[in-house]
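Step one of this worksheet: look at the structure below.
The values are calculated or read from the model by the stated rules, or taken from the named source; none is laboratory data. Quick caveat, the model's predicted, so the values are computed rather than measured. We place every Cβ from the backbone using ideal geometry, glycine too, and count neighbours over all the protein chains shown. Note: accessible area is taken over every heavy atom of the protein model, side chains too, but ligands, DNA and RNA are not part of it. Shrake-Rupley method; radii C 1.70, N 1.55, O 1.52, S 1.80 Å.
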2 protein chains.
Amino acid sequence: MTTGERRRTDARPRAFEEVLARIEERIAADGLTVGDRLPGERQLAEQLGVGRSSVREALRVLETLGVVASQAGRGPDAGAVLTSRPGDALTDLLRLHLGLATLSMREVIDTRLMIEQWAAARAAAAPARTATARMAEAIAAMDAARDPAEFVEHDIAFHLALAEAAGNRLIVAVVRALRDALRRYAVDAVVRLGDTGGLQDDHRRIHRAIEDGDAGAAAAAVAEHLARAYPESGPDS
Amino acid sequence: MTTGERRRTDARPRAFEEVLARIEERIAADGLTVGDRLPGERQLAEQLGVGRSSVREALRVLETLGVVASQAGRGPDAGAVLTSRPGDALTDLLRLHLGLATLSMREVIDTRLMIEQWAAARAAAAPARTATARMAEAIAAMDAARDPAEFVEHDIAFHLALAEAAGNRLIVAVVRALRDALRRYAVDAVVRLGDTGGLQDDHRRIHRAIEDGDAGAAAAAVAEHLARAYPESGPDS
DNA sequence: AGACCAAATATGGTCAGACCATACATCCTG
DNA sequence: CAGGATGTATGGTCTGACCATATTTGGTCT
């Protein structure tokens, strides 16, 4: 009776949070991995002693974080399957927080510069043939691009290959998210520049530095490139 | 009464995704920001022509991404309020993907090194008094710490202050998430080291370099520090 | 008037049950 | 044996009810 003074930040375990914890335990305990299936929603609800809607909310959280994907129907591919899409989650995260002005464009662009410099230096230290080959392909595709949107798509592929060349999946996910968040801005930037020759020169310089194993030159080329692409680091706002 | 006409023409956007899109539009259109309230769940459901459960799933997604927080009851603080907690979302993301072996400890540690080096250099370029003061406080607290867990807590505060000194909220969120993900590992590392004198020397060196405005020395000190804390950067797996 | 307590109310949290939509599985034809 | 009709397991959604919580309101006693 005297327990009336409950405020937020007290401990209040909601049912779906309990479900979340139990599913996470189960993943760890059973050593589940990408491709494995979770029990059906109804079965899970019965096992955990909660309603199906609570199970669904928990699954929605896991889907948002990119660890499960649900598929209706019947068969091996149906149900809630463990996946690995951290990039999608990061993309949503950035987009929403940019929309709320919680993060400014300047912060996102600065972060991107940091990451890509590091990735370039790292890639130069241990160049991976497949990744550098994809970088070259992207450069060629940009040469052939007919409009800014197409150019930007291949530009994204270039920077993604750069991140992959660094051999760190977390970095790849972050770069993908940053580029998705900046996609519209990037198209505008290309339109504003008009001539993409300078950008392409940068791309070629980055690519060459990585193939030559010159980490310092690679990082410097990336810095120069992003400074050209985002001259003032955005209008903040 | 919306059950009369269902268009099954295209690939189906799920109802809660539609709700998500509409809420996002509304945030942008009305210029909503942190602290503003969304309509109640029942009201939203009626406005958007969907069931309350679909609204709830959408809100769960937004909560997962750290943009809303729900509070029951009545009054100005009740309901779904826009917030800004990107760090929590990142923490969940890392923890789950580490559990799924989608990301390795090595990748997380490498990422952390990159970010903190950058943050230290950045902080040295424009030292903020409040942040450097908090770094000094954290160092003193670590001197007084009586057990590894307590030491690690203040160590987290130190590295968080370092990130904040760089003046980039996205970086702060990422550092927080990385440290949370590595918290257990960090305690083990402190126990293994036994003597924290070397770590504290590092902290003091980082702090001094930032106050002196020596970006190069700050970055180098951070690199040395993390190399000491994570000697082998984990077995990759 | 003021203080205090009880009821009303608004809000999220949860559950149960019922459908629908989907896609594979199974069976029954011909 | 091929191919369509039916069965069934799964997610997706809606409805309505009830609970828990916290503020607001209003009435009562001092």
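Observations on the model:
- Selection count, the range B:28-46, where residues are within 16 Å of DNA strand D (Cβ to nearest atom) and of a type in the set (D, E, K, R): 4
- Filtered residue count, the range B:77-89, keeping only those that are part of a strand (DSSP E or B) and within 18 Å of the chain's Cα centre (by Cα): 1
- Selection count, the range B:91-139, where residues are within 7 Å of another protein chain (Cβ to nearest Cβ) and not β-branched (Val, Ile, Thr): 12
- Within the range B:90-103, the set of residues being of a type in the set (Gly, Ala, Ser) and part of a helix (DSSP H, G or I) comprises B:GLY99 only.
- Breaking point among (1) at pLDDT 95 or above; (2) within 14 Å of chain A (Cβ to nearest Cβ), for B:ASP214: (2)
- Test set (1) buried (at least 19 other Cβ atoms within 10 Å of the Cβ); (2) acidic (Asp, Glu); (3) over 20 Å from the mean Cα position of the chain (by Cα) - A:ASP92 fails condition number: (3)
- Residue check, A:ALA220 buried (at least 16 other Cβ atoms within 10 Å of the Cβ), in the same structural domain as A:ALA138 (by TED's automatic domain parsing), within 17 Å of A:LEU113 (Cβ to Cβ) and not β-branched (Val, Ile, Thr): yes
- Some residue of the range A:85-96 being farther than 16 Å from A:ALA177 by Cβ, among the charged types (D, E, K, R) and within 16 Å of DNA strand D (Cβ to nearest atom): no
- The set of residues in the range A:32-82 being more than 14 Å from DNA strand C (Cβ to nearest atom), open to solvent by less than 50 Å² (accessible area, probe 1.4 Å) and facing chain B (nearest Cβ under 9 Å) consists of A:LEU32, A:LEU62, A:GLU63, A:THR64, A:LEU65, A:GLY66, A:VAL67, A:LEU82.
- Residue check, A:ARG22 at pLDDT 95 or above, of a type in the set (Lys, Arg), more than 11 Å from DNA strand D (Cβ to nearest atom) and in a helix (DSSP H, G or I): yes
- Taking the criterion of being at pLDDT 50 or above and either loosely packed, with under 13 Cβ neighbours inside 10 Å or of a type in the set (D, E, K, R) (or both), the residues of the range B:1-19 that qualify are B:ASP10, B:ALA11, B:ARG12, B:PRO13, B:ARG14, B:GLU17, B:GLU18.
- Residues of the range B:173-196 that are away from every other protein chain (no Cβ under 14 Å), within 22 Å of the chain's Cα centre (by Cα) and of a type in the set (Val, Ile, Thr): B:VAL187 alone.
- Helices (runs of 4 or more DSSP H) contained entirely in the range A:104-217, each with at least 2 residues that are open to solvent by less than 50 Å² (accessible area, probe 1.4 Å) and touching a residue at least 60 places away in the same chain (Cβ under 8 Å): A:105-125, A:129-144, A:169-193, A:197-212
- All of A:GLU232, A:GLU164 fail the test of being closer than 21 Å to B:VAL174 by Cα, charged (D, E, K, R) and modelled with pLDDT under 95, apart from A:GLU164.
- From the options B:LEU160, B:LEU170, B:LEU199, residue that is over 19 Å from the mean Cα position of the chain (by Cα) and in the same structural domain as B:VAL222 (by TED's automatic domain parsing): B:LEU199
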